Amino acid sequence: MSNPHGLSKNLHSITEEAKIFARSITDTIREPILILNKDFQIVSASESFYVRFRIESDVAEGTLVFELDDDQWDISELKKLLQKVIKEQKSFKDHQITANFRNLGCRSFLVNVNLLNTRSHDAPLVIISFKEVIIPFPELQQKEYLKKLQNILENAPAMICIVKGPQHIFEVANEHYYQLIGKQDIIGKPVREVLPEVENQGFFEILDNVYTSGKPFIGNEVQINLEVGDNKYKNSFLDFVYQPMLDDNGEVDGIFVHVIDVTEKVEVRKKVEENEFRLKNLIDTVPAIIWITTKDGYSTYLNENWYKYTGQNAREAENFGWLEAVHPEDRDEAGNQFLDASKRRKSYSYTYRLRTASGEYRWVRDRGQPKFNAAGEFEGMVGTVLEVHEEKIKEQQIQEKEHRIRNIVEEATVATAVYTGKDLKIEIANEAMIRLWGKDKAVVGKNLPQALPELENQPFFEILQEVYSTGKIYWGQEDKVDLMIDDRIQTGYFNFTYKPLRDEKGEIYGILNMALDVTENVKSKLLLKESESYFRQIADLMPDKVTNTDEEGNFLYFNQNWLQYSGLNSEELNSRFWTDLIHPEDRELFAKKWQESLNTGRNFEFEARFRNKFDKYRWHLSRAEAVREETGNIKMWIGTNTEIHKIKEEEKRKEDFLKMVSHELKTPVTSIKGYVQLLLSMVKSGQKKDFSSLPLAPSLERIDHQIIRLTRLISEMLDLSRLEENKLELQKEVFSINDLVTETVQDINYTNTQHKIEIIHDYKCSIFADKDRIGQVLINFITNAIKYSPESQEILIKIQKARNNKVSVSVKDHGIGIDRKNHKNIFKRFYRIGGKSEETYSGFGIGLYLANEIIQRHKGHIAVKSKKGKGSDFSFILSVASEK
Ligand code: ADP
């Protein structure tokens, strides 16, 4: 690019004189003249120059000549010529320059170039004159055309030649063409001569055909075998056009041949095709279905397996035809999933039912990946289809099973839950379980320790972990569980199981928990236990012997009294009850009655003797009553055994007493009756009118004696009944005990003739007591002493001072005495020492009983000192009222 300032500076260096000089030249010459300085800048130009070349004069001056008129003057021939002029410092004449001007078209000029030296300037001016040469246009055009054609031919990437005439004689050929055929000297020669090796390859025939028919021929990837050296041949693939060329008359006079060598392309493609073929074969041998789709999701390739599997053919499966083989229920989703993945260029996976060639649907998993080329452009998807039928069916079965289990669990009335994993995630928990926990549905999905934190310090989490690691089922039996229900800890009791759940491999994956609330049972059991223990406590406290049997009469329990009585423990008692404890005489009847009660449920009552730990049988009243449930069924029997030995004995004594009373009554009455009858008969018979002769006195004495006995008997009986009715009233007074003893002995002595009764008044005092009753005691003591001392006559009565301001009165005999063991018994009602004495000595066995009672009521003390055969010493002690 030129610098306008620089230029004008240069131009200014040209003297005004030179300018004027130049101007005067240009103005005088008619032809177009251009004057330049040595740098080829326009110093001046003739008017005719501007006119001829249609350039505006004011634009031109100072411009570099080659830039003139938008570089139209950048004419290489002109440039060369001017440079030569400057270099060689010589002028040129009639140098022809042809240039194509925009405004004028193609023009040829004869150019004269002269150097003009001026005086004031070292550098000469360059004067160029133009004379237009009129070249006939066609010639110019043809020349231009040929030049252009040559240019095109040389530069064209194709191999080009033109053959003329029916012999197809080479007229023109470019370099590429020469290279193709490997020959140079071909122009003017017919093709058959130039390329004899091509004979029989079909090309000449095509050329002939084009020439005669005038129709072009296009060959694609046609193989040609050319000789490239001596006996060296080469196979090439050519895309070519045989284009007929017409002459002025419209007749074919040649053929334009345009060839592109596509050998490389074809070979590459063939290689690709071969690879593809091999790949396809490989793909077909893979035991999977393989597919390829386009960018838009159209299926372009499916391997053999698809067709074999589905029975579709290529046409049926192409594009989206493959979806027709998908189960109608899965089809839309499969299509959508695939298209979505393809659109988003993401991987795709979907499991659906695919129709097999036999028409059966089987589950397959279709998986695809986006495919990108080397440039990273998305080319479509490629994927595989694998049969997963068996797995899917199994999975479905498992799911169904799981679903069923879930349903069963949900529906179950038993509280049920399933925990999975070591975290004990609550996988399932049915209504009943959630209610049992006192929680809501939100616990499902949580981990158990999180859902039931109150179990933290209870053993269950540990047990669960243990079940997990050992695989052993845990059975909870009435286990106590504290649960947070309604915001407070509540205790419940549960029967439950922790059962490990195993997967197909036998590995534990969870725990099934089923629980039964037995709180009520346990509580009532506890209550029962409590009441049972109460019962036992009460039973143990009872003076009776208490037993408890089950509904069938099997002994369950004997109370403490039984153990003490028998000297046995519960088990021994149980086993020996029937054989040892019941008296052999009572046993059979006892068993019979007991069985009757068991059969009928009626109360049992029986008197029997039971053996005690001293091997003595004692009378008992056995009673048993059935305890029934609300339904009326017998639950158990409770039995009591009351010792009635004493009662029995007393009864016996009573019996004996009655026997004796009747005997005692009968004896005096019979005796009295005898005497009375004797006397009466004697009086009636009149044998003895004189009463004095009658044995009146001894008879009356006898009668009186008997009456005294009767009176005593009657009064004792009266006292007895009074005592029993608690109506024995004491008429207390202060009297001298010494006097009472003396008086009583005096009274007795009226009827006592044999015994000598001595009284020793060691101590004299008065007592505050019922005088008659104390007298009665004294009479009893003394009459007994007389009665039971048939062999001895000495009776000694002592009145002595006793400790604590008391007085003791004792009656001592030397009679039959009393065995030690009977000392206590003789004070009991109706007790009489058995054996001979019973018959020998008359009596009722109530005298000492009454004596004891009387003394007791006076807050006194009665005692006996005696040995069998060694006499007896009966005494009583009473408080002293005053000493004498
Ligand atoms: P009984 O009317 O039989 O005498 P008691 O109650 O007076 O009734 O006496 C009870 C029994 O005590 C008598 O049957 C007798 O066996 C015995 N007994 C009472 N006193 C004496 C005694 N002094 N010597 C021997 N045995 C006596």
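Within the span defined as the range 861-873, every residue fails to be within 9 Å of the ligand (Cβ to nearest atom) and touching a helix residue (DSSP H, G or I) at 6+ places or on another chain (Cβ under 6 Å). Reported count of residues in the range 215-237, each being under 15 Å from Glu264 (Cβ atoms), among the aliphatic types (A, V, I, L, M) and out of contact with any Phe, Trp or Tyr (no Cβ under 9 Å at 6 or more places or on another chain), is 0. Taken over the range 214-258, residues that are buried (at least 16 other Cβ atoms within 10 Å of the Cβ) and of a type in the set (Ser, Thr, Tyr) amount to 2. Set side by side, the residues Thr491, Thr547 differ, and just one is of a type in the set (Ser, Thr, Tyr) and open to solvent by less than 30 Å² (accessible area, probe 1.4 Å), which is Thr547. Take the conditions (1) hydroxyl-bearing (Ser, Thr, Tyr); (2) crowded, with 16+ Cβ neighbours inside 10 Å; (3) assigned to a loop (DSSP other than H, G, I, E, B); Tyr675 misses just one of them, which is (3).
Give the residue that is nearest to Arg355 (Cα to Cα), with candidates limited to residues of the range 387-419 that are among the hydroxyl-bearing types (Ser, Thr, Tyr) and at pLDDT 90 or above. For the range 387-419, the residue satisfying everything is Tyr419. Summed over the range 53-66, residues that are surrounded by fewer than 17 Cβ atoms within 10 Å (Cβ to Cβ) and under 21 Å from His95 (Cβ atoms) total 1. When restricted to residues that are part of a strand (DSSP E or B), surrounded by fewer than 16 Cβ atoms within 10 Å (Cβ to Cβ) and touching a residue at least 60 places away in the same chain (Cβ under 8 Å), the range 610-633 contains 0. Among the residues of the range 81-98, the ones that are part of a strand (DSSP E or B) and not hydrophobic (A, V, I, L, M, F, W, C) come to 5 in all. Of all residues in the range 326-350, those that are in a strand (DSSP E or B) and buried (at least 17 other Cβ atoms within 10 Å of the Cβ) total 3. Among the residues of the range 568-588, those that are of a type outside the set (Gly, Ala, Ser), surrounded by 13 or more Cβ atoms within 10 Å (Cβ to Cβ) and in a helix (DSSP H, G or I) comprise Glu572, Leu573, Asn574, Arg576, Phe577, Trp578, Asp580, Leu581, Asp586, Arg587. In this structure, Met682 does not qualify as in contact (Cβ under 8 Å) with a residue 60 or more places away in the chain and either among the aliphatic types (A, V, I, L, M) or assigned to a strand (DSSP E or B) (or both).
Filtering Phe378, Phe372 for residues that are open to solvent by 30 Å² or more (accessible area, probe 1.4 Å) and aromatic (Phe, Trp, Tyr) leaves a single hit, Phe372.
The values are calculated or read from the model by the stated rules, or taken from the named source; none is laboratory data. Remember, predicted model here, so these are calculated numbers, not experimental data. Because the Cβ atoms are built from the backbone with ideal geometry, glycine has one as well, and the counts that use them run over all protein chains shown. When the accessible area is computed, the model is the full protein with side chains, heavy atoms only, and any ligands, DNA or RNA have been set aside. Shrake-Rupley method; radii C 1.70, N 1.55, O 1.52, S 1.80 Å.
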